[in-house]
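Beneath this line is the structure, given in structure tokens, with notes to follow.
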Amino acid sequence: MPSGSCLDRRRAGLLLHLPSLPGPSATGDLGHEAHRFVEFLAECGFSVWQMLPVGPTHGDGSPYQAISAHAGDSRFISLQFLADWGWLGPRGLGSADAAGTPARREVLIRAHNGYRDYASREEREAFAEFVRTHGDWLGDYSLFQALREEQQAAWWDWPAGLRDRKPRALAQARARLATTVAQVQFEQFVFFRQWGMLRTHAAANGIQLFGDMPIFVAHDSAEVWAHRDNFYLDASGHPTVVAGVPPDYFSATGQRWGNPLYRWDVVQAERFSFWKQRLRTQLALFDLVRIDHFRGFEAYWEIPASEPNAVHGRWVEAPGKALFEELRADMGPELPLVAEDLGVITPGVEALRDGYGLPGMKILQFAFSGGAGNPYLIFNHPPNSVVYTGTHDNDTSLGWYKSLNDQERSLVDDHLGHSRDPMPWPLIHHAMISPARLSVLPMQDILGLDSEHRMNMPGTNSAANWQWRFKWRQVPMDLAPRLRHLIGFTGRAP
């Protein structure tokens, strides 16, 4: 990898979803706590912060079913920073309960009005430049959000003129909803401005940002509405086939995700401009990006939309090689991407990953079965890979260890050397000594938390999914020096 990238040498990273940060609001944000967390990472010796996708979500909160493939979630805007900038006027943030959605909305509208009254010339020029620079998606997204609010329905249930993007209907909507459209664009400007502040602070502390991008986009999203020809949809906007994965060890009926599938022939005919735009946006935010469900670039599981589960699907080839050739031509030979290559991976998927020099993922919770050939055992890790104790889709490492039976736990202990340290520290140490250049630990693991603190249970709609947040009082006083010592003697220090 190029000098200065996350995979140019041995490094250590921490996995924490942005809304899992502590703070007074209903979710973590881009404010002071995010900057404090960057400083904590540097103090511990980490040089990478990995996050989940940061786009605006639907009601279930899943970051993998975002309303936009480009926009940032306005929930992550720091209201305190708006007050610090003077855009809330003499009243400031006031005593409003900024944790609640109605109060946040009121503050963001006041900030927009205050921006008009108090912003400097440079700030006004920056807003105008932002709108120009992001014009390839911002216009569609801002109108889409304004229409969602007006119609209170998914886009395929809008009046036909709006659903089908008839020019007259769109022009009338832009005029009718001009105030809301402008507000959405303002909030995106603020999100990206605050993100830029965080990324600058991270770079000053030697921290690189590692993002995450789903391969598919949500059906109810600005991209599917604005680019219907790129997806298998019927005349009313409903998918004819949807994405998922077939039955496996984890689910007898597979997983039916419901995302519309790409018409790859159309996407390829446009020289993959849809994908180029997505990646440009993500690389404006992150130094490195993980692509979720990478195997779908080689072949994807196509499920008829009428099927209730993923059992009756089929594998369909995808033009992954042509896509990555085009991305290389557009962005250079060294693509700053990581392939999420978990599950049943075929030789074709491995050839696609390795042919473009993309690192894959190694999960230690998967390592301790199947004998010495298990690819997740550390002595089988290639240097060009990223090792994890577990991910957001796994149980915490302590919860996982407690769930094992006596025989399984004994085998894990044999591999980990019967350490005197309590779990998950033996597994953390194991991840750090891996040959993989980047070792990433979930925040829950360095805090030693059990299953109650799990981030997500795949294939479920549990209300607990995506809700976990940490508190600074959970961080032991000796944690930073302990991690700094471990990261240093395993050759991963900055």
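The values are calculated or read from the model by the stated rules, or taken from the named source; none is laboratory data. Please read all numbers here as calculations on a predicted model, not as lab measurements. Quick reminder, even Gly has a Cβ in these numbers, built from the backbone with ideal geometry, and neighbours come from all protein chains shown.
Look at region 370-409 and say how many of its residues are assigned to a loop (DSSP other than H, G, I, E, B) and more than 28 Å from the chain's Cα centre (by Cα).
If we filter region 370-409 for residues that are assigned to a loop (DSSP other than H, G, I, E, B), which is where we start, we get 370-377, 381-384, 389-396, 404-405.
Then keep just the ones that are more than 28 Å from the chain's Cα centre (by Cα); that gives 370-373, 404-405.
Of the residues in that region, 6 qualify.
For region 341-371, taking the residues that are touching a Lys or Arg at 6+ places or on another chain (Cβ under 7 Å) and crowded, with 21+ Cβ neighbours inside 10 Å, the one that is farthest from Y249 (Cα to Cα) is identified as L352.
Could you please let me know if V217 is touching a Pro at 6+ places or on another chain (Cβ under 9 Å), at pLDDT 95 or above, outside any loop (DSSP other than H, G, I, E, B) and not charged (D, E, K, R)? For V217, the condition - touching a Pro at 6+ places or on another chain (Cβ under 9 Å), at pLDDT 95 or above, outside any loop (DSSP other than H, G, I, E, B) and not charged (D, E, K, R) - is not met.
Exactly one condition in (1) within 25 Å of M457 (Cβ to Cβ); (2) at pLDDT 95 or above is not met by F40; state its number. Of the numbered conditions (1) within 25 Å of M457 (Cβ to Cβ); (2) at pLDDT 95 or above, the odd one out for F40 is (1). Scoring L52 on the criteria (1) assigned to a helix (DSSP H, G or I); (2) in contact with a His (Cβ under 9 Å, 6 or more places away or on another chain) leaves a single failure, condition (1).
If you go through region 324-369 and keep only what is in contact with a Leu (Cβ under 9 Å, 6 or more places away or on another chain) and either of a type in the set (V, I, T) or in a loop (DSSP other than H, G, I, E, B) (or both), you end up with L335, P336, V338, D341, Y356, G357, L358, P359, I363, A367, F368, S369.
Per-residue answers, yes or no, for (1) of a type outside the set (F, W, Y); (2) touching a strand residue (DSSP E or B) at 6+ places or on another chain (Cβ under 7 Å); (3) crowded, with 16+ Cβ neighbours inside 10 Å:
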{"site": "I109", "(1), (2), (3)": "yes, no, no"}
{"site": "E122", "(1), (2), (3)": "yes, no, no"}
{"site": "G135", "(1), (2), (3)": "yes, no, no"}
{"site": "G139", "(1), (2), (3)": "yes, no, yes"}
{"site": "L147", "(1), (2), (3)": "yes, no, yes"}
{"site": "W155", "(1), (2), (3)": "no, no, yes"}
{"site": "L162", "(1), (2), (3)": "yes, no, yes"}
{"site": "R174", "(1), (2), (3)": "yes, no, no"}
{"site": "Q188", "(1), (2), (3)": "yes, no, yes"}
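In region 468-480, the residues that are in contact (Cβ under 8 Å) with a residue 60 or more places away in the chain and assigned to a loop (DSSP other than H, G, I, E, B) form Cβ pairs under 6 Å with partners that are surrounded by 10 or more Cβ atoms within 10 Å (Cβ to Cβ) and of a type in the set (S, T, Y), at six or more places apart or across chains, as follows: W468/S20; R469/S20. Within region 219-256, if we keep just the residues that are under 19 Å from Q268 (Cα atoms) and charged (D, E, K, R), the residue that is surrounded by the fewest Cβ atoms within 10 Å (Cβ to Cβ) turns out to be D229.
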